[in-house]
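Structure, as structure tokens:
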Amino acid sequence: MTASRDSNRVIVFDTTLRDGEQSPGAAMNMDEKIRIAQALDEMGVDVIEAGFPISSQGDFEAVRAIAGLVKNAQVAGLSRAADRDIDRNWEALQHAKRPRIHTFISTSPLHMKYKLQMGPNAVLEAVGRSVARARNLCEDVEWSAEDGSRTEADFLCRCVESAIHHGARTINIPDTVGYAVPDEYADLIKMLLNRVPNIDKAVLSVHCHNDLGLAVANSLAAVKAGARQVECTINGLGERAGNAALEEIVMALRTRQNSLPYKTGVKTEHITKVSRLVSTITGFPVQPNKAIVGANAFAHESGIHQDGVLKHAATYEIMTPESVGLTKSNIVLGKLSGRHAFKDKLAQLGFEPDDAELNEAFKRFKDLADKKREIFDEDIVALIDDSRSIASQRIRFVSLQVVAGSKGPQLADLELEIDGKVENVQARGNGPVDAIFNAIRKLVPHTAVLQLYQVHAVTGGTDAQAEVTVRLEEEGKTVNGQGADADTLVASCRAYVHALNKLLVKREKREPPAMTATAR
Ligand code: KIV
Ligand code: ZN
């Protein structure tokens, strides 16, 4: 059933790669954006907003690459109302199977006066001009009224009418600052449906920020009032308090059909996997009690609840864990499993590594199987994520020996391979992790500042693999590195090295590709 034919079908527009990436520290590289875009496409979102092409060369290239790769979803790029923004957007999008230009301008009195320093007539004129220009390039154009929820009603109606008149097929009314409350926001949607004469020629869309914790409630109220596109992000990632969380909207629609009789095309069984992917890549952890994707979302701690669930799951479970892709951890492979079984398992989990990635991952799997009796799907996912990035790294982890414990001093003896040459160093620190990071700094001097160090256990048990995220910041640019290992200290070292490799790639884009930092 296509979105446009069924009046109860809600279009899911994911903006994790654009608005989500605007969260400070959530910057992603091209490879990471592509992995997320592919996962979103497989999950069945209708539109993937891949970036803001004029904002940087990196964003432009990511949008272009995603446009060329995505098979099913529409791919959108964002642009302001200026001609060069729109043209650059189209340059990035034009090879998409189903491109969409998304263009916006602020319409609230506050934004027009202070941000744009434009009067209402100039803004209205810019709406028509920008939509017409976009429509000349691309059949599918979305127009957004930034700060729409704080816009004066008559003016909003005039802008919307003009955008539709000039060819916009989707009209988005963002609650940019997360100020709206559900009934008021629903009334705004109804008002537009009642008053704008050509509104039947467009889909009304909503885009809610979560400053008051109401983004999902506002989005659902708007759907009930007649909006048929929701803009959202995985895990509610986004500027400030974030955007409406895709998984919450989609599961509310699926679970509460009696009150919300609408459908989406999202295969909800993919939700957990995509949520973890976004969290690992961005280094933004999901709080344990987060709806749908938090670690405790389906856990029953109290005896009364456990008893109830055992007697009948529906006593305390309104959704099944399986409906969001949460399955019981499977013991998948063991010490004796061969390369063929390993490759098959990767294929089942949706990975198709190239030969170098497969070799690295298989070696790591064998090492892990020596240390850990039972290897689960989650372990394999962590290993392959880690091995993928290693294949192309200039700095590689070789070995680590650490002296830790309460007596001190803590000491790290580290070997790294730097541009093909193995180097060794020892360093002390205030604790083992500090000693390891000091050792890395000795081998690869750099000025980047550590912004985040985060550890999480991939599975249960004391022999669980640790997955570590390290965020480094240099000259205003941030990178996230990940590392997984049964030894938390080795995982920490791998994560730091991964982040450093990404920094080198960023630097190479600015400078000639010489290793600027080694201590040799
Ligand atoms: O929050 C907002 O207003 C936006 C628009 C640019 C769509 O992100
Ligand atoms: Zn936004």
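The values are calculated or read from the model by the stated rules, or taken from the named source; none is laboratory data. Just so we're clear, the structure is a prediction, and the values are computed from it rather than from any experiment. Backbone-built Cβ (ideal geometry, glycine too); neighbour counts: all protein chains shown. The protein model used for the area step is the full one, side chains on, heavy atoms only, and it has no ligands, DNA or RNA in it. Shrake-Rupley method; radii C 1.70, N 1.55, O 1.52, S 1.80 Å.
List of remarks:
- Taking segment 407-437 as the range and being aliphatic (A, V, I, L, M) and open to solvent by less than 10 Å² (accessible area, probe 1.4 Å) as the test, the residues that pass are 412, 414, 416, 418, 427, 435, 436.
- Number of residues in segment 410-439 that are assigned to a loop (DSSP other than H, G, I, E, B) and under 22 Å from residue 450 (Cα atoms) equals 2.
- Single condition residue 317 does not satisfy, out of (1) of a type in the set (Asp, Glu); (2) open to solvent by 60 Å² or more (accessible area, probe 1.4 Å); (3) modelled with pLDDT under 95: (2)
- Condition check for residue 202: over 12 Å from residue 9 (Cα atoms) and either away from ligand 2 (no atom under 16 Å from the Cβ) or surrounded by fewer than 24 Cβ atoms within 10 Å (Cβ to Cβ) (or both): yes
Residues checked against (1) farther than 23 Å from residue 221 by Cβ; (2) hydroxyl-bearing (Ser, Thr, Tyr); (3) within 31 Å of the chain's Cα centre (by Cα):
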site: 98; (1), (2), (3): yes, no, yes
site: 117; (1), (2), (3): yes, no, no
site: 120; (1), (2), (3): yes, no, no
site: 125; (1), (2), (3): yes, no, no
site: 131; (1), (2), (3): yes, no, yes
site: 145; (1), (2), (3): no, no, yes
site: 153; (1), (2), (3): no, no, no
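- Residues satisfying the stated conditions in segment 219-236, i.e. more than 12 Å from residue 190 (Cβ to Cβ) and either within 11 Å of ligand 2 (Cβ to nearest atom) or open to solvent by 10 Å² or more (accessible area, probe 1.4 Å) (or both): 220, 228, 231, 232, 233, 235, 236
- The set of residues in segment 238-249 that are within 11 Å of ligand 2 (Cβ to nearest atom) and open to solvent by less than 10 Å² (accessible area, probe 1.4 Å) comprises 238, 242, 243, 244.
- Residue, surrounded by the fewest Cβ atoms within 10 Å (Cβ to Cβ), within segment 18-48, restricted to residues that are part of a loop (DSSP other than H, G, I, E, B) and away from ligand 1 (no atom under 16 Å from the Cβ): 25
- The residues in segment 448-476 that are in contact with a helix residue (DSSP H, G or I) (Cβ under 8 Å, 6 or more places away or on another chain), open to solvent by 60 Å² or more (accessible area, probe 1.4 Å) and among the hydroxyl-bearing types (Ser, Thr, Tyr) can be counted, and the count is 1.
- Residue list for segment 348-375, restricted to those being over 17 Å from residue 484 (Cβ atoms) and part of a loop (DSSP other than H, G, I, E, B): 350, 352, 354, 373
- Hits in segment 471-487 - residues which are within 18 Å of residue 398 (Cβ to Cβ) and not small (Gly, Ala, Ser): 485, 487
- Residue within segment 250-262 that is free of Cβ contacts under 8 Å to residues at least 40 places away in the same chain, assigned to a helix (DSSP H, G or I) and more than 13 Å from ligand 2 (Cβ to nearest atom) present: yes
- Total residues in segment 99-121, condition among the charged types (D, E, K, R) and surrounded by fewer than 17 Cβ atoms within 10 Å (Cβ to Cβ): 2
- Considering (1) over 13 Å from residue 484 (Cα atoms); (2) within 24 Å of the chain's Cα centre (by Cα); (3) of a type in the set (Asp, Glu), the lone condition that residue 423 does not fulfil carries the number (2).
- Qualifying residue in segment 330-352 (condition: over 26 Å from residue 463 (Cα atoms) and outside the structural domain of residue 484 (by TED's automatic domain parsing)): yes
- Filtered by the rule that a residue be open to solvent by 20 Å² or more (accessible area, probe 1.4 Å) and within 14 Å of ligand 1 (Cβ to nearest atom), segment 149-175 gives 149, 150.
- Residues (within 18 Å of residue 290 (Cβ to Cβ) and either within 14 Å of ligand 1 (Cβ to nearest atom) or without any contact (Cβ under 8 Å) to a residue 24 or more places away in the chain (or both)) located in segment 219-238: 219, 232, 233, 236, 237, 238
- Checked against the criterion of being modelled with pLDDT of 95 or more, within 16 Å of ligand 2 (Cβ to nearest atom), touching a strand residue (DSSP E or B) at 6+ places or on another chain (Cβ under 7 Å) and open to solvent by 10 Å² or more (accessible area, probe 1.4 Å), the candidates 142, 146 yield just one match: 146.
- Against the numbered list (1) open to solvent by 10 Å² or more (accessible area, probe 1.4 Å); (2) farther than 22 Å from residue 100 by Cα; (3) within 14 Å of ligand 1 (Cβ to nearest atom), residue 181 comes up short only at (3).
- Among the criteria (1) within 16 Å of ligand 1 (Cβ to nearest atom); (2) touching a Lys or Arg at 6+ places or on another chain (Cβ under 9 Å), the one residue 120 does not fulfil is (1).
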